[in-house]
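The structure appears below as structure tokens.
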Amino acid sequence: MKVLITGGAGYIGSTVATACIEAGIEVVVLDDLSTGLAAFGEGRNLYVGDIADAAVLDRLLAEHPDIDAVVHCAARIVVPESVADPLGYYDSNVGKTITLLRRLRDAGIARIVFSSSASIYAGETGDGVDESGRLAPSSPYAATKAMVEQILADAAAAGDFRAIALRYFNPIGADPQLRTGLQNPTPSHALGKIMQARAAGEPFTITGTDWATRDGSGLRDYIHVWDLALAHVAAVTRFEDVATPEQPYQVINLGTGDGVTVRELVRAFERVTGDPLPVVETDRRPGDQAGAFAIVERAREMLGWRAERSVEDGVRDALAWAQKLPTVR
């Protein structure tokens, strides 16, 4: 089996590629390296280019006519940046995806696994949410994920593709063998901010302490990126049983099935490091949500998959990767 991974030199895409290779799946990587690292594509049939670059796509598809499926991870993903540049985000994440899909359809590639996001859910209460949960994208970034899902659903109904949309909750950690990890040294998610505060010797800021959660702080479902990667392997290898001709489009949550509040994440970080982390509290930020955790029965039933690694594992691997990242080029 051969799989094309768009954005395969990024954080999640490169980890998916590693998991695929370990499962005996040949990978081809397409990445423009705007945020990805060339080192993550070494030895992995790396093609450097945009997902809408006709010349690069034509060459890739001509040289690999035996691609069985595409894992589409390529996207711009920074929420504040999407608020400041919505047109850029809609162009990159939606417009260019349409161009890619047309090229894939014309090449006869009909199996798509899409990297979607739990950010498309309402996330108002901190409760669990299944795949039928109310959608209310809270940023242009999240809206692009919902739009591509709709495009895939419609294209599947028209017979162009069969597709599986994997709605990620909150990836953390790194490849446990430290082959890949976050390429951004200053990530904007909560664990990244905690790590930056510790490195600077400053308190970590908890934004919002009056949410309807068990301790008032926001809640997320933190899934280890290696567990996430293994779910993609399951989606690819079980594709025929999941996205069938009768049901050509499927949506599956990927999370642990358990929520972790910001305060609990701080305590997990303290357990891993053995050091206390001072915190300060401020008001909610515009656009913040209480959050949600994944209800994951569908992933267990359809993919035979469940998350195995703990929040502490994610913290430990993230810290180890942060020490290695400066040496990765």
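Based on what the data block shows, is GLN323 open to solvent by 30 Å² or more (accessible area, probe 1.4 Å), in contact with a Gly (Cβ under 9 Å, 6 or more places away or on another chain), closer than 29 Å to HIS232 by Cβ and polar (S, T, N, Q)? No, not satisfied.
Check whether at least one residue in region 165-185 is surrounded by fewer than 16 Cβ atoms within 10 Å (Cβ to Cβ), within 22 Å of GLY291 (Cβ to Cβ) and without any contact (Cβ under 8 Å) to a residue 60 or more places away in the chain, and report yes or no. No, there is no match, as no residue in region 165-185 is surrounded by fewer than 16 Cβ atoms within 10 Å (Cβ to Cβ), within 22 Å of GLY291 (Cβ to Cβ) and without any contact (Cβ under 8 Å) to a residue 60 or more places away in the chain. Of the strands (runs of 3 or more DSSP E) lying entirely inside region 214-329, those carrying at least 2 residues that are under 14 Å from PHE169 (Cα atoms) and at pLDDT 95 or above are 222-224, 249-254. Give me the residue from region 108-119 that is closer than 30 Å to LEU61 by Cβ and not in a strand (DSSP E or B) and, out of that set, most open to solvent (accessible area, probe 1.4 Å). Restricting to residues being closer than 30 Å to LEU61 by Cβ and not in a strand (DSSP E or B), the top hit is GLY108. In region 233-263, which residues are more than 19 Å from the chain's Cα centre (by Cα), hydrophobic (A, V, I, L, M, F, W, C) and under 28 Å from VAL311 (Cα atoms)? Matches in region 233-263: VAL262 only.
Does THR99 fit the bill of being open to solvent by less than 20 Å² (accessible area, probe 1.4 Å), touching a residue at least 24 places away in the same chain (Cβ under 8 Å) and polar (S, T, N, Q)? No: the conditions fail for THR99. Per this entry, GLY126 is not counted among residues that are of a type outside the set (S, T, N, Q), more than 25 Å from VAL236 (Cα to Cα), open to solvent by less than 20 Å² (accessible area, probe 1.4 Å) and free of Cβ contacts under 8 Å to residues at least 40 places away in the same chain.
The values are calculated or read from the model by the stated rules, or taken from the named source; none is laboratory data. Model, not experiment: these values are computed from the prediction. Cβ coordinates were reconstructed from backbone atoms using ideal geometry, including for glycine residues, and neighbour counts include every protein chain displayed. Areas reflect the complete protein model, heavy atoms only, side chains present, ligands, DNA and RNA absent. Shrake-Rupley method; radii C 1.70, N 1.55, O 1.52, S 1.80 Å.
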